[in-house]
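Nothing in this text is a laboratory measurement; each read-out follows from the coordinates by a stated rule. Given the structure is predicted, the values throughout are model-derived calculations rather than measurements. Please note: Cβ atoms are built from the backbone with ideal geometry, for glycine as well, and neighbour counts cover all protein chains shown.
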Amino acid sequence: MTDAAKLLCELIALPSVNPAFLPPNDARGGEGRVADFLAAQAAKSGLDVDFQKVLPGRCNVLAVLSPPGKFQQRLFLAPHLDTVNVVSEKQFVPRSAGGRIYGRGACDAKGSIAAMMTALGGLARQGRRPAATEIVLAGLVDEEHAQAGSRALAAGGGGAALAIVGEPTRLQIVTAHKGTLWVRLQTRGKAAHGSCPHLGRNAVNEMARIVSLLESDYARQLLRQRHPLLGTPTLSVGFIQGGSQPNIVPDSCVAGADRRTLPGESEGGVLAEMRGWLRRHGLRAALTSDKSAHCLPLETNPRLPLVRRFLQIARQKKPAGVDYFCDASVLARGGIPSVVFGPGDIAQAHTADEWISQKSLEAAAALLLQFLQSLP
């Protein structure tokens, strides 16, 4: 088994489920074990190690390869340490079969951690570090919930010429991803006895009409917008809750929709667009957004020097875009130009039988090492 594969198996065996998905004080929660393990691995490779406190008992781990003299630019390798929850404890037991490595976090995003640590550790052991670039592997907490780790890193004032955020991109360098806006819709009616429905006004019926038109007319309206890497924005209704029992005409109904946004779209603009659409169809609903789930889209200039260099080394003619949100947008908004890159396929993320191709893992480590070796 190669160094990267062995490292990934060791990482999978260390539970780091985001505490937001677990009961309080669950032993599987938090990124502490993985952070301490990475710190020890980094120290063995001759890297300087530090911790950045983010939340109680949860720290970003920073493994630093400094140039011989004063550095002129900084590069972040920024995978996240946390995972979603498991369906079975067996998912914490790494398994290798058929050229794949199985286990929770295999592709999202412990595969990226293993590839990045293997590349940076390999560079450090070679004894030929870049003359003017400081390279920092920043293992981030809380990506799967509220991105507290990337927010703390961006607010830390360190700045950087580029951050490579570790996520499963199938070895594609990604310069754009969609944002997320959760919209809450509420309709109001008038309660009445179920035997006399004509005396009431059914809020569920109103919401049903809205949802039906959202999935048809509004979805067609979104097709008029198009981004060269991301395609069109989308909307998906995730839940509807209304009424209390069959013999009462419901006077209230609530629905939640996931609106994926393109670069250039804003929260206020999307809500105004939806309110106008409701008025044009003679529909009434109160619209609000969930601020905690508002994640901005990403768009990084592919002509930035380090991005262009990375694309050239990867022999990738043009950058890619992805539908999902990640820490890259948080770092970019904090002033750190960011791209997304890593082994594995997002289709395997969060699944009960999560896996990553060992070939993809090795290719990512090799490409990252080649890129790091090219830095000034």
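Take each peptide in 119-130, 274-285, 175-186, count the other Cβ atoms within 10 Å of every residue, and average; sorted highest first, the result is 175-186, 119-130, 274-285.
Each stretch of four or more DSSP H residues adds -39500 (n - 2.57); spread over every residue of the chain, this sum gives -9000 deg cm²/dmol at 222 nm. With 25 Å as the limit, the listed pairs K317/K359; K44/K317; K178/K291; K90/K359; K6/K90 have K44/K317 beyond it between alpha carbons.
If Lys and Arg each add +1 and Asp and Glu each add -1, what is the summed charge of the other residues whose beta carbon sits under 13 Å from the beta carbon of W182?
Values: positive: R184, R259, R260, K291; negative: D258, E267, D290.
Cβ neighbours under 13 Å give a net charge of +1.
Less than 5 angstrom separates the built amide H of T234 from those of R260, all sequence-distant by 5 or more or on a different chain.
For segment 108-117, putting each phi into the Karplus relation 6.51 cos²θ - 1.76 cosθ + 1.60 with θ = phi - 60° gives couplings of 10, 10, 6, x, 5, 4, 5, 5, 5, 5 Hz, in residue order, rounded to whole numbers and with x for Gly and Pro.
Please tell me the relative contact order of the chain in percent, rounded to the nearest whole number, where contacts are Cα pairs under 8 Å and at least six residues apart.
24 percent.
Projecting label points 7 angstrom from Cα along Cα→Cβ for K317 and R275 puts them 4.6 nm apart. Annotation: amide H of A163 within the under-5 Å range of F76, S338, V339, sequence separation 5 or more or interchain, hydrogens built in the peptide plane.
Extension gain for Q373-S96 works out to 96.7 nm (0.36 nm per residue, less the C-alpha to C-alpha distance).
Give the angle, between 0 and 90 degrees and rounded to the nearest 10, that separates the Cα long axis of helix 32-44 from the longest principal axis of the Cα atoms of the chain. Roughly 20 degrees between the two axes.
What list do you get for V49, V340 if you sort them by fewest beta carbons within 10 Å? Write out the running numbers ahead of the final one.
Values: V49 16, V340 30.
Sorted ascending by nearby Cβ count, the order is V49, V340.
Within a 10 angstrom radius of the beta carbon, how do H227, H294, H193 rank from fewest other beta carbons to most?
Working: H227 17, H294 14, H193 11.
The order, fewest Cβ neighbours first, is H193, H294, H227.
Taking θ as phi - 60° and the Karplus parameters 6.51, -1.76 and 1.60, the scalar couplings of segment 67-81 work out to x, x, x, 6, 7, 9, 8, 10, 10, 9, 9, 10, x, 9, 8 Hz in sequence order, x denoting glycine and proline. Shown in residue order for segment 161-176 are the 3J(HN,Hα) couplings computed by the Karplus curve 6.51 cos²θ - 1.76 cosθ + 1.60 at θ = phi - 60°: 6, 6, 10, 9, 8, x, 8, x, 10, 6, 6, 8, 8, 9, 10, 8 Hz (x for Gly and Pro).
Tell me whether the chain comes out rounded, prolate or oblate; compute the Cα gyration tensor, take square roots of the eigenvalues as a ≥ b ≥ c, and use a/c under 1.5 as the rounded threshold. Verdict is prolate for the chain.
The separation of segment 1-77 from segment 306-376, counted between C-alpha centres, amounts to 18 Å. Helix 358-373 and the long axis of the chain differ in direction by around 60°, with both axes built from C-alpha atoms. Taking a sphere under 9 Å around the Cβ of S236 and counting the other residues whose Cβ falls inside, with K and R at +1 and D and E at -1, yields a net charge of 0.
Between L213, L137, L230, where does the largest GNM mean-square fluctuation fall for the chain, given springs only between Cα atoms within less than 10 Å? Highest fluctuation among the options: L213.
Amide H to amide H distances under 5 Å link C253 with T187, where only residues 5 or more positions off or on other chains count and H is placed in the peptide plane. For Q225, the shell of other residues with beta-carbons less than 13 Å away shows a net charge of +4, using +1 for Lys and Arg and -1 for Asp and Glu.
Arrange the peptides 214-226, 318-330 so that the one whose residues have, on average, the most other Cβ atoms within 10 Å appears first. Provide the component values of the computation, followed by the final result.
Numbers: 214-226: 13.6, 318-330: 22.0.
Listed from highest to lowest mean packing, they are 318-330, 214-226.
Computed from Cα atoms, the angle from the helix 203-213 axis to the main principal axis of the chain rounds to 60 degrees.
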